[in-house]
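What follows is a single structure, written as structure tokens, with notes after it.
Read the figures in this text as sums done on the coordinates, not as results from a lab. Keep in mind that this is a model prediction, so the values were computed, not measured. Cβ placement follows ideal geometry from the backbone for every residue including glycine, while neighbour counts extend to all protein chains displayed.
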Amino acid sequence: MPSVPFVGGDTAKQRDLASDSQEAGSALTTNQGLKVSDDQNSLRAGPRGPTLMEDFHLREKITHFDHERIPERVVHARGAAAHGIFQVYEPLTDLTTAAPFQDPAKETPVFVRFSTVAGSRGSADTVRDVRGFAVKFYTEEGVWDLVGNNMPVFFIQDAVKFPDLIHAVKPEPHNEIPQAQSAHDTFWDFVSLTPESAHMLMWVMSDRAIPRSYATMEGFGVHTFRLVNAEGKARFVKFHWKPLKGIFSQVWDEAQKTAGKDPDFHRRDLFDAIERGDFPQWELGLQVIEEEDEFKYGVDILDPTKIIPEEMVPVRRVGLMTLTANPGNFFAETEQVAFHVGHVVPGIDFTNDPLLQGRLFSYLDTQLRRVGPNFAELPINRPLQRVDNNQRDGMGRRQINRGRVAYFPNGLAHGCPMHSPEAADAFRSYAEKVDGAKIRVRSDSFGDHFSQATLFWNSMAGWEKDHIVAAFSFELNQCTDVVVRQRVMDAILSNIALELAQGVAARTGIPLPEARVHPAAAGRPNADLPDAGLRVGRSPALSMDRVAEDIRGRKVAVLVDKGVSAEQLTIIQETLMDEEAIVEVVAPTAGTVQGGDGVLVPVTRAAPNAPSVVYDAVMVPGGADTSALQASGLIRHFLNEAFLHGKPIAAIGTGEQVLAAANLPTALKEEGVITGETLEDTLTLFVEAMRRHRFPQRNVAPVPA
Ligand code: HDD
């Protein structure tokens, strides 16, 4: 499905929110409505005297300020969000009665919040972490929250372990170090004693954990849910979000540097893209499994540490989500939005996945603590339709429920509001038959912790494997406890793939286990489940080794200084902007530079403010003289770093001398360093190279001359 530009106006939710916004140009008042005569001087006894208690305006203003924060989310504190719409391609009435899936003409408003998990609210965007991908659908039958991640599995199989997992990954409690990182002893101590985390560890040590942008991430509902149709027939379903821009990441060194140079990198990218009309889009995909096929795929579909490979159950793309507007107020919308996996609409239901079951408790509980008992009344959380029930009062109540009846059954209010036993659009839980003894036991069918970790490894391209080895090695080299380091090797890595264990051993100095733990001892293969070919195979869908369809939204730095050919620069800008790339002219200093052809060239950003890590590719035009550019240490550093991070680099004519001054090899066309071509050919090759995103074989920066 082609990317569809959004042409509509505000979504129904944005119109709903707009009714709350302040009048423009109004006079400053206190919270009691008094016009304020002076907001810059507090009331005091004489010009040099003490401030008076009586100054109610000062006290009100300061008190409100003192109470401006609410508790940050215990996980997923750092995030950014946007409004948009979802549209289904064709009615899915055979599968579900869920409101967003009935009518292709219907635009369902959504609010989507992306997040990291471990860091606090002020932490950097580009840390190695799972990304939250939470979608609130404002349907005409109520709010549905699909609270997913950018990885399809999770670390643990049972919600009772969640506080332990989070305590282990968060900063260590005695010194609150390190911020937003899993690279420390307590995390690796926990996961090495929790073999069910092996598959998820592969995902978080892959480049999936350092996305280039939110728009280039996949999303997953993780658990198996149910779709229920009007006849009451249920099927199992896994939800996927497929980004139309493709799946692309940074590289680790780049991500770390971006965290310092632009901690708001992802937030800024999302905000800027929406402001310029480059609306991020994802297709919603469904993997639908008939109830009778529940045990057909060699894994327990209730186990959140497993995927059903797309090659076994294809992902059917059923609709398109487009993010069209930024929030008007970060706190009121992005901070106060309250997601809950238990917010579902008729036609969607749960399964007995023990992680999902625990989440069904946790999200409501956390919203009550974080936002308060009336969180659902806040503008960003309230459904589009009227809410009517007998719940009353509590802190921050907005609704004024008139009358004396707040109970059911009642006669005094004619039985209203009444429940709807007959209504087809009322929510009814799927009548799954449940019968079992009360036990604290995990099903044996959850026991195979390694096959899919191996499947993931087998499915990676060579460069992806290199990055995974490097990531495990980096993390373990940050760990100081030798027992922890060795346990990761013995209990986790050596059970996934010998090649992986050997690679990490070589980079960390951790000895390989003397006798490799036999896979059977580590809980595989699982004798209870039919082998559906999954353990030996590959799943190409897991690899990120792909080429983008276009370069829309990619950021190119064009390096210039005095002497640059303004004519070449114009052609470069026009060609790349026709491709909807973003082109910024970067020079050692801000302002303008004198082009070789006498034209003054405006500079977008000065090199100290324009680190190479925030660009996807770099181009150096020629001109009468590039000596000023060659002499700049910042420019040489820029080029070296871009080279190290595998970015497309092109130089035209005398621009090549700048590459030479930076000691870059110039004969590497296959690896995305384009030189020795005409301007036209350079641009064609450059766009092609940008569609490949990165050239990961270049992992060593040349030493600057
Ligand atoms: Fe969670 C937030 C996703 C397991 C408890 N979670 C939160 C958010 C996302 C996820 C996207 C941020 C929502 C937002 O943007 O406001 N969480 C997941 C996924 C999981 C998962 C995909 C596994 C499949 N979570 C999980 C478990 C528990 C929680 C097992 C507890 C038993 N999660 C929470 C929470 C949070 C939360 C404490 C923190 C803030 C919030 O809910 O609103 O309730």
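Listed values, structure above:
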read-out: Convex hull of Cα atoms in the range 45-117, direction-averaged projection (nm²); value: 10.3
read-out: The range 243-268 and the range 632-696: distance between their alpha carbon centers, rounded to Å; value: 20
read-out: The range 427-444 - phi-based ³J(HN,Hα) in whole Hz, Karplus 6.51/-1.76/1.60, Gly and Pro as x; value: 7, 10, 5, 5, 7, 5, 7, 10, 8, x, 7, 6, 9, 9, 9, 9, 4, 4
read-out: Sequence of Phe111, Phe220, Phe133 once ranked by neighbouring C-beta atoms within 10 Å, starting from the fewest; value: Phe220, Phe133, Phe111
read-out: Sequence of Arg276, Arg404, Arg698, Arg552 once ranked by neighbouring C-beta atoms within 10 Å, starting from the fewest; value: Arg404, Arg276, Arg552, Arg698
read-out: Environment charge of Asp481, counting only residues whose C-beta is closer than 11 Å and scoring Lys/Arg +1, Asp/Glu -1; value: 0
read-out: Student exercise, the chain dipole from Lys, Arg, Asp, Glu Cβ charges, in Debye to nearest 20; value: 1500
read-out: The chain: relative contact order as a whole-number percent, Cα under 8 Å and 6+ apart; value: 12
read-out: Ranked packing of 381-391, 413-423, 430-440, most packed first, by mean Cβ within 10 Å; value: 381-391, 413-423, 430-440
read-out: Pairs of Cα atoms farther than 18 Å apart, the range 422-524, %; value: 60
read-out: 222 nm mean residue ellipticity, helices alone, for the chain (DSSP H n ≥ 4; -39,500 (n - 2.57); rounded to 500); value: -7000 deg cm²/dmol
read-out: Rounded, prolate or oblate (a/c below 1.5 giving rounded, otherwise prolate when a/b exceeds b/c) for the range 555-698 by Cα gyration tensor; value: rounded
read-out: Sum of side-chain charges, Ala471 neighbourhood, beta-carbon under 14 Å (Lys, Arg +1; Asp, Glu -1); value: -3
read-out: Which of Ala82, Ala99, Pro109, positive extreme of dipole for the range 67-110 (C-beta unit charges); value: Ala82
read-out: Segments 648-654, 477-483 sorted - mean Cβ within 10 Å per residue, highest first; value: 648-654, 477-483
read-out: Percentage, to the nearest whole number, of Cα pairs in the range 7-143 over 21 Å apart; value: 67
read-out: Within the range 540-662: Cβ-based charge dipole about Cα centre, in debye rounded to nearest 20 (Lys, Arg +1; Asp, Glu -1); value: 420
read-out: Ranked by how many other beta carbons lie within 10 Å on average, peptides 582-595, 606-619 from highest; value: 606-619, 582-595
read-out: Stokes-Einstein D in µm²/s, Kirkwood radius over Cα pairs - the range 206-298 at 37 °C with 0.692 mPa s viscosity; value: 208
read-out: For the range 422-468, the spread of Cα positions along each principal axis, largest first, Å; value: 58, 34, 12
read-out: Area projected by the alpha carbon convex hull of the chain, averaged over all directions, nm²; value: 38.9
read-out: Dipole axis of the range 555-698 (+1 Lys, Arg; -1 Asp, Glu on Cβ), positive-most option in Leu629, Thr684, Ala610; value: Ala610
read-out: Other-chain or far-sequence residues with amide H under 5 Å of Asp303's (modelled H); value: none
read-out: Fraction of beta bridges assigned by DSSP in the range 555-698 that are antiparallel (%, nearest 5); value: 25
read-out: Whether the range 250-405 is rounded, prolate or oblate, judged on the alpha carbon gyration tensor where a/c under 1.5 counts as rounded; value: oblate
read-out: Antiparallel content of DSSP bridges confined to the chain, in %, to 5; value: 80
read-out: For Ala617, distant residues with modelled amide H under 5 Å away; value: Lys555, Ala557
read-out: For Phe248, net neighbour charge (Lys/Arg +1, Asp/Glu -1) across residues whose Cβ lies under 14 Å away; value: +4
